[in-house]
1. Quick query: amide H of D99 versus all other amide H atoms, modeled in the peptide plane; which residues come in under 5 Å with a sequence gap of 5 or more or a different chain?
2. Over the Cα atoms of the stretch 65-120, compute the convex hull volume and normalise it per residue, giving Å³.
3. For I20 and E181 in one chain, what is 0.36 nm times their gap in residues minus the Cα-Cα distance, to one decimal in nm?
4. Counting alpha carbon pairs within less than 8 Å and at least 6 residues apart, what relative contact order, in whole percent, applies to the stretch 1-158?
5. Whole percent per 10 Å bin, from 0 to the bin with the longest distance: what is P(r) over all C-alpha pairs of the stretch 57-191?
6. What residue among D82, D94, D17 has the largest mean-square fluctuation in a Gaussian network model of the chain, using Cα springs under 10 Å?
7. With the full set of protein chains in place, find how many percent of the accessible area of the chain is carbon and sulfur; take the probe as 1.4 Å.
8. For the chain, what does the helix formula give at 222 nm: sum of -39500 (n - 2.57) over DSSP H segments with n ≥ 4, over the residue count, nearest 500 deg cm²/dmol?
Amino acid sequence: GWTNDPWVTAQWHHVQDNDIDLDSDSAWAISTGGTNPLGHQPVVAIIEGFDPDHPELEDNVAVNAEDIPNNLIDDDENGYVDDHLGWNPWTMTDVVSQDDHGTAVAGMAGAASGNAFQGAGVAPDAGLMRIDIGPLTEAEVIAAYAYARDRRKRFNDSQGTSGAFVVATNASWGIDYANPEDHPLWCAVYDSLLEVGIL
């Protein structure tokens, strides 16, 4: 399938004549990231923060419906108080950045399609989880990824009745010229994500 979004032809990663692309049109003919046969919506954790009110993203924001917002209680007993709209390990709240760069990144992953507006995400019907990072320290990086992992592990352990079906994370940041040997804990986090089914 294709889409009527006017900017989609300028999004080089979808389709190119030289075929150095994702062939999104072919992928969309199979799935756009909507619910699977069991009724679970795949979720991409955007570890940066994005504007949840952006018209291309607002319908895809993954919220934790098990947690009542702003009541200072961990309603779902998942270890995170008031994580209704995502998680910020720096402030220990769900107040997440609305960073312009993160919003663009979230749009590449899951902007709505077929609405004749702007562009389209690779998985336009996937949920988008908001996770902030605060300062770029190894501790905050690990805490941010841990939130996505904990939500997916809870999903796995409950056979899909709780948590979130997080299938991938995205982090459009890092440390230039870093050596993995200098960050063994950070690197080990990626293995822990894979163990629960997160790319």
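1. Hits under the 5 Å cutoff: F50.
2. Convex hull of Cα atoms, per residue: 112 Å³.
3. Working: separation 161, 0.36 × 161 = 57.96 nm, distance 3.23 nm.
Extra length available between I20 and E181 comes to 54.7 nm.
4. Normalised by residue count, the contact order of the stretch 1-158 is 29 percent.
5. Going out from 0 Å in 10 Å bins, the stretch 57-191 shows 12, 39, 36, 13, 1 percent.
6. Its mean-square fluctuation being the largest, the pick is D17.
7. Values: 5830 of 10360 Å².
Carbon-and-sulfur percentage of accessible area, whole number: 56.
8. Details: 4 runs with 49 residues, N = 199.
Using -39500 (n - 2.57) per qualifying helix, the result is -7500 deg cm²/dmol.
The values are calculated or read from the model by the stated rules, or taken from the named source; none is laboratory data. In this text the structure is predicted, and so the values were computed from the model without any measurement. The protein model used for the area step is the full one, side chains on, heavy atoms only, and it has no ligands, DNA or RNA in it. Shrake-Rupley method; radii C 1.70, N 1.55, O 1.52, S 1.80 Å.
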